[in-house]
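Enquirer: This structure is in structure tokens; I'll ask about it shortly.
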Amino acid sequence: MNATSLTTPGFTSDLRAFWAIARREWTVFVRYPSWIISLLIWPVIFPMGYILTARALSGVDGSGLTTFQNTTGLTEYVGYIAVGTMIWMWQNIVLWSVGYALRTEQMRGTLESNWLSPTWRFSHLLGSSIPQLVSMLMLLAVSALEYAVLFGVEFRGSLWLTLLVILASIPAVYGLGFAFASVVITAKEANAFVFLVRGAVMVFCGITYPLAILPVWMQTVGQWLPQTYIIHAVRSAALSTDGFAAIAPDLKMILIFGAVWLAIGYALFVVMERRARQTGAIGQY
Amino acid sequence: MDLQIRRGEIFGLLGPNGAGKSTTIRMLCTLLEPTSGTATVNGFDVVKQANEARRSLGTVLAGERSIYWKLTGRENLEYFAALYHIPAAAAKKRVDELIERMEIKDRANELVEKYSTGMRQRIAIAKALLARPPILLLDEPTLGLDPQAARNLRELIAQLKAEGHTILLTTHYMEEADQLSDRIGIIDAGKVIALDTPNNLKRRIDQKEVIRLEVSGWHESIAEKLKSIAGIENLLARQQGEDDLWEVNMQANDSRAALPRIVEHISGNGTRLANMNILKPSLEDVFIHLTGKALRD
């Protein structure tokens, strides 16, 4: 060779690679303009059915809200539903996007190209989650704005506490996404599992109703799902003025679930990636 | 399979479909773990020292979807430079250098989806060259390229060898392997059945001749009759396009002795001999002699 290799291994190089993956994913994402529609319209349309049902049951003047108020301590039922559906949308989109991130690369034909490089393999999953996270934070912000303007929802709580809960929820929400992504490399699809998880979140985590109205066994199932605590904590942080004390117990559970799901997501990734290399599944369409 | 590739050589790996060429490449570039045995790249074990092996390699896999179509050519190269851990300043210089070398400067800032197949392949090769790896694995690099683009690429491969790269090349084009390779390994069913220089391989059957016929109205019973002629072997018939015209190749120990009987078997029964040639054996004939199959089978 007339020149030496330009590769310089090290932590900084891995960090640059991670950033390059995030930037690539963002560039590709914004070059498909349909994202604007999902960002602006979907957050309003999706909870509309629930909100109008609630309005029908409570009466236009809200006279039937007493039971709701007694159970939840809140009068803002539109905000209550909006927060639940926003968290559900977040988890749902993470399952479809992060959960299918590697599969998308596989279908594009670029997974092998990426795998040929000496970059830490998990960076590919972590890096492609960053633009997804940014777009989700934009979606949550746009949603909150739209509910405030269109439905007059008053987010009377603290913006900082809400952000804190969302930040703390990232490991749990994305850990589940990583676990899905790992399974999908070899299984090729996980639609049935995605439908199962989002269905479970919808029923057991109280996205539009308080858990107290559920039978005890369903409440018990809900306690094993991190989204239950995330939804409850975001509602407390965004809609009430009870401060940090009201979210602290939920925050603790969210962080525990986050650590567990991140560990499960990473372990599954390592096992499934090795299995894919042994079976040749990485390049299979 | 037991195979060693020497530093600085172009090694052509040939074999019929399913022989194990791509599997070998995939194992060497760490995409597939061997079920048994070991493989080393630049002295690094592809399983135990996978990252060191990856740093030694530039790989072009078959197919044109190994780069991002929604990124520009330049963005693709900058992205992969980061994945190959090339420091930012060196990466910028190297990307410019490769864009210039691959003659895509005018269109480097256009999305890859607007490129021709040849341009996409040039980006894929530039990607493989980014980190100046000592070893290049090229899996069917000229597949799908027009003749001019394929010729340019062959010139580039020869230049890369001159610059000191060790190159493992798989190809379906026998002339390409003959022209570029220092040594050729012919594999079939995962085993190396011949390994030598192109000239030495051709010498193995240089006492034979190849009879090439163009025949209309060909049918299998004629093949059986021709195979029964003494000294005739490795007969392969291939239909030419949509017409009822067949190219029939066979190897003969003594073509002069065999020709009258060949003509006799072909004449009549609606079969017509359109053309006939006696040729010196090519690398493809060596391949057919060894595997009993044409490379594109």
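The values are calculated or read from the model by the stated rules, or taken from the named source; none is laboratory data. Quick caveat: nothing in here was measured; it's all calculated off a predicted structure. Glycine gets a Cβ as well: all are built from the backbone with ideal geometry, and neighbour counts include every protein chain shown.
Enquirer: Name the residues in the stretch A:69-82 that are over 11 Å from A:S240 (Cβ atoms) and in contact (Cβ under 8 Å) with a residue 60 or more places away in the chain, would you?
Expert: Our first condition is that a residue be over 11 Å from A:S240 (Cβ atoms); within the stretch A:69-82, this holds for A:69-71, A:77-78, A:81-82.
If the condition is that a residue be over 11 Å from A:S240 (Cβ atoms) and in contact (Cβ under 8 Å) with a residue 60 or more places away in the chain, then A:T71, A:V78, A:I81, A:A82 are the ones that fit.
Enquirer: Out of A:L214, A:L167, A:L196, I need the residue that is buried (at least 16 other Cβ atoms within 10 Å of the Cβ) and modelled with pLDDT of 85 or more. Which one? Talk me through it step by step, then tell me what you get.
Expert: Values: A:L167 fails: buried (at least 16 other Cβ atoms within 10 Å of the Cβ); A:L196 fails: buried (at least 16 other Cβ atoms within 10 Å of the Cβ).
When all the criteria are applied, what remains is A:L214.
Enquirer: Being facing another protein chain (nearest Cβ under 8 Å) and among the hydrophobic types (A, V, I, L, M, F, W, C) is the filter here, so list the residues in the stretch A:7-23 that pass it.
Expert: A:A17, A:W19, A:A20, A:I21
Enquirer: Still on this structure, please answer the following. Quick check on B:W246: is it in a loop (DSSP other than H, G, I, E, B), among the hydrophobic types (A, V, I, L, M, F, W, C), touching a Ser or Thr at 6+ places or on another chain (Cβ under 9 Å) and surrounded by 16 or more Cβ atoms within 10 Å (Cβ to Cβ)? Break it down stepwise before answering.
Expert: Details: in a loop (DSSP other than H, G, I, E, B): no; among the hydrophobic types (A, V, I, L, M, F, W, C): yes; touching a Ser or Thr at 6+ places or on another chain (Cβ under 9 Å): yes; surrounded by 16 or more Cβ atoms within 10 Å (Cβ to Cβ): yes.
Criteria not met by B:W246.
Enquirer: For the stretch A:103-135, which residues satisfy the criterion of being of a type in the set (A, V, I, L, M) and farther than 14 Å from B:Y68 by Cα? Show your work before the answer.
Expert: Kept after step one, since they are of a type in the set (A, V, I, L, M), are these residues of the stretch A:103-135: A:107, A:111, A:116, A:125-126, A:130, A:133-134.
Matches in the stretch A:103-135: A:L116, A:L125, A:L126, A:I130, A:L133, A:V134.
Enquirer: Further question: Looking at (1) in contact with a helix residue (DSSP H, G or I) (Cβ under 7 Å, 6 or more places away or on another chain); (2) modelled with pLDDT of 80 or more; (3) aromatic (F, W, Y), which one does A:Y32 not meet, given that it meets all the others?
Expert: Single failed check for A:Y32: (1).
Enquirer: Could you give me the residue pairs with C-beta distances under 6 Å whose first residue belongs to the stretch A:258-285 and is more than 9 Å from chain B (Cβ to nearest Cβ), whose second residue is among the basic types (K, R) wherever it lies, and which are 6+ apart or on separate chains?
Expert: Hits for this filter: A:E273/A:R121.
Enquirer: Among what's in the stretch A:6-22 and is touching a residue at least 12 places away in the same chain (Cβ under 8 Å) and assigned to a helix (DSSP H, G or I), pick the residue that is surrounded by the most Cβ atoms within 10 Å (Cβ to Cβ). Give the derivation first.
Expert: If we filter the stretch A:6-22 for residues that are touching a residue at least 12 places away in the same chain (Cβ under 8 Å), which is where we start, we get A:7, A:9, A:14, A:17-22.
Still in the list and also assigned to a helix (DSSP H, G or I): A:14, A:17-22.
Numbers: A:D14: 17, A:A17: 26, A:F18: 20, A:W19: 14, A:A20: 21, A:I21: 24, A:A22: 20.
Once the filter is applied, the top-ranked residue is A:A17.
Enquirer: Still on this model: Can you name the number of the only condition in (1) closer than 19 Å to A:V94 by Cα; (2) modelled with pLDDT under 95 that A:D242 fails?
Expert: A:D242 satisfies all of (1) closer than 19 Å to A:V94 by Cα; (2) modelled with pLDDT under 95 except (1).
Enquirer: Just one of A:I247, A:I185, A:I254, A:I231 is surrounded by 19 or more Cβ atoms within 10 Å (Cβ to Cβ), more than 17 Å from the chain's Cα centre (by Cα) and either at pLDDT below 90 or closer than 28 Å to A:A267 by Cβ (or both); which is it? Let's see the steps before the verdict.
Expert: Working: A:I247 fails: either at pLDDT below 90 or closer than 28 Å to A:A267 by Cβ (or both); A:I254 fails: more than 17 Å from the chain's Cα centre (by Cα); A:I231 fails: more than 17 Å from the chain's Cα centre (by Cα).
Going through A:I247, A:I185, A:I254, A:I231 in turn, just one is surrounded by 19 or more Cβ atoms within 10 Å (Cβ to Cβ), more than 17 Å from the chain's Cα centre (by Cα) and either at pLDDT below 90 or closer than 28 Å to A:A267 by Cβ (or both): A:I185.
Enquirer: While we're here: Could you run through the stretch B:273-294 and say how many residues are exposed (fewer than 15 other Cβ atoms within 10 Å of the Cβ) and either of a type in the set (A, V, I, L, M) or farther than 30 Å from B:Q179 by Cβ (or both)? Even if it seems obvious, please write down each step before you answer.
Expert: Here is the first cut: in the stretch B:273-294, the ones exposed (fewer than 15 other Cβ atoms within 10 Å of the Cβ) are B:274-275, B:277-280, B:292.
Narrowing the set further to residues that are either of a type in the set (A, V, I, L, M) or farther than 30 Å from B:Q179 by Cβ (or both) leaves B:274, B:278-279.
So the answer is 3.
Enquirer: Sticking with this structure for a sec: Identify, from the list B:D106, B:D96, the residue that is in a helix (DSSP H, G or I), more than 11 Å from every other protein chain (Cβ to nearest Cβ), at pLDDT below 95 and over 26 Å from the mean Cα position of the chain (by Cα). Write out each step before concluding.
Expert: Numbers: B:D96 fails: at pLDDT below 95.
After ruling out the rest, the residue left standing is B:D106.
Enquirer: What are the residue pairs meeting all of these: first residue in the stretch B:159-180, first residue away from chain A (no Cβ under 11 Å), second residue aromatic (F, W, Y), Cβ atoms under 6 Å, and 6 or more apart or on different chains?
Expert: Every condition considered, the pairs that remain are B:L168/B:F11.
Enquirer: Just one of the numbered conditions (1) aliphatic (A, V, I, L, M); (2) part of a helix (DSSP H, G or I); (3) surrounded by 20 or more Cβ atoms within 10 Å (Cβ to Cβ) is not true of B:I187; which one?
Expert: (2)
Enquirer: Do you know which residues across the stretch A:147-157 are within 26 Å of A:A246 (Cα to Cα) and assigned to a helix (DSSP H, G or I)?
Expert: As a first pass, look at the stretch A:147-157 and keep what is within 26 Å of A:A246 (Cα to Cα): A:147-148, A:151-157.
Within the stretch A:147-157, A:Y147, A:A148, A:F151 meet the criteria.
Enquirer: Could you please tell me which pairs satisfy a Cβ distance under 8 Å, a separation of 6+ or placement on different chains, a first residue in the stretch A:24-35 that is at the interface with another protein chain (Cβ under 7 Å from one of its Cβ atoms), and a second residue that is assigned to a loop (DSSP other than H, G, I, E, B)?
Expert: A:R24/B:Y68; A:R24/B:L71; A:T27/B:K70; A:T27/B:L71; A:V28/B:Y68; A:V28/B:K70; A:V28/B:L71; A:R31/B:K70
Enquirer: Taking the conditions exactly as written (more than 30 Å from B:V286 (Cβ to Cβ), surrounded by fewer than 24 Cβ atoms within 10 Å (Cβ to Cβ) and of a type in the set (S, T, N, Q)), does B:S56 satisfy them or not?
Expert: yes
Enquirer: Let me ask something else. Check every one of the helices (runs of 4 or more DSSP H) wholly within the stretch A:158-250 and list those with 2 or more residues that are in contact (Cβ under 8 Å) with a residue 60 or more places away in the chain and in contact with a strand residue (DSSP E or B) (Cβ under 9 Å, 6 or more places away or on another chain). Please lay out each step first, then the result.
Expert: Values: elements: A:159-187, A:191-204, A:216-223, A:226-239.
Those helices (runs of 4 or more DSSP H) do not exist here; none qualify.
Enquirer: Sticking with this one: Anything in the stretch B:59-94 that is among the small types (G, A, S) and more than 30 Å from B:G20 (Cβ to Cβ)? List them, or say none.
Expert: Taking the stretch B:59-94 and keeping what is among the small types (G, A, S), we get B:62-63, B:66, B:73, B:81-82, B:88-91.
Across the stretch B:59-94, the qualifying residues are B:G73, B:A81, B:A82, B:A88, B:A89, B:A90, B:A91.
Enquirer: When the residues of the stretch B:66-84 are narrowed to those that are assigned to a loop (DSSP other than H, G, I, E, B) and within 26 Å of the chain's Cα centre (by Cα), which ends up surrounded by the fewest Cβ atoms within 10 Å (Cβ to Cβ)?
Expert: Of the stretch B:66-84, the ones assigned to a loop (DSSP other than H, G, I, E, B) are B:66-71, B:84.
From what is left, the residues that are within 26 Å of the chain's Cα centre (by Cα) are B:66-69.
Numbers: B:S66: 25, B:I67: 24, B:Y68: 25, B:W69: 18.
Here the answer is B:W69.
Enquirer: Output the residue which, of all residues in the stretch B:21-48 that are assigned to a helix (DSSP H, G or I) and out of contact with any Asp or Glu (no Cβ under 9 Å at 6 or more places or on another chain), is nearest to the other protein chains (Cβ to nearest Cβ).
Expert: So the residue we want is B:T23.
Enquirer: Can you pull out the residues in the stretch B:126-145 that are surrounded by fewer than 22 Cβ atoms within 10 Å (Cβ to Cβ), more than 11 Å from chain A (Cβ to nearest Cβ) and not acidic (D, E)?
Expert: B:L143, B:G144, B:L145
Enquirer: Follow-up question, since we're still on this one. Just to be sure, is A:L65 at pLDDT below 85 and surrounded by fewer than 21 Cβ atoms within 10 Å (Cβ to Cβ)? So that I can check it myself, show each step before the final result.
Expert: On the way: at pLDDT below 85: yes; surrounded by fewer than 21 Cβ atoms within 10 Å (Cβ to Cβ): yes.
Spelling it out, A:L65 is indeed at pLDDT below 85 and surrounded by fewer than 21 Cβ atoms within 10 Å (Cβ to Cβ).
Enquirer: Give, as residue ranges, the helices (runs of 4 or more DSSP H) completely inside the stretch A:39-122 that count at least 1 residues that are within 14 Å of chain B (Cβ to nearest Cβ). Don't jump to the end; show me each part of the working.
Expert: Working: elements: A:42-58, A:66-72, A:77-97, A:101-108, A:111-115.
Answer list for the stretch A:39-122: A:101-108, A:111-115.
Enquirer: What's the number of the condition A:Q106 fails, among (1) crowded, with 18+ Cβ neighbours inside 10 Å; (2) over 24 Å from A:I36 (Cβ atoms); (3) under 18 Å from the mean Cα position of the chain (by Cα)?
Expert: For A:Q106, the exception is condition (3).
Enquirer: Follow-up question, since we're still on this one. Can you find even one residue in the stretch B:8-20 that is polar (S, T, N, Q), within 11 Å of another protein chain (Cβ to nearest Cβ) and in contact (Cβ under 8 Å) with a residue 40 or more places away in the chain? If you could, list the steps in order and put the result at the bottom.
Expert: Filtering the stretch B:8-20 down to residues polar (S, T, N, Q) leaves B:17.
Still in the running and within 11 Å of another protein chain (Cβ to nearest Cβ): none.
No, the stretch B:8-20 has no match at all.
Enquirer: Ok, one more. Among the residues of the stretch B:67-87, is any of a type in the set (D, E) and more than 8 Å from every other protein chain (Cβ to nearest Cβ)? Give the derivation first.
Expert: Keep residues of the stretch B:67-87 that are of a type in the set (D, E), which gives B:75, B:78.
Among the residues that remain, those that are also more than 8 Å from every other protein chain (Cβ to nearest Cβ) are: none.
No - not one qualifying residue is present in the stretch B:67-87.
Enquirer: Using the structure shown, decide if B:S181 is polar (S, T, N, Q) and surrounded by fewer than 16 Cβ atoms within 10 Å (Cβ to Cβ). Quick ask: steps written out before the conclusion?
Expert: Values: polar (S, T, N, Q): yes; surrounded by fewer than 16 Cβ atoms within 10 Å (Cβ to Cβ): no.
Judged against the criteria, B:S181 is not a match.
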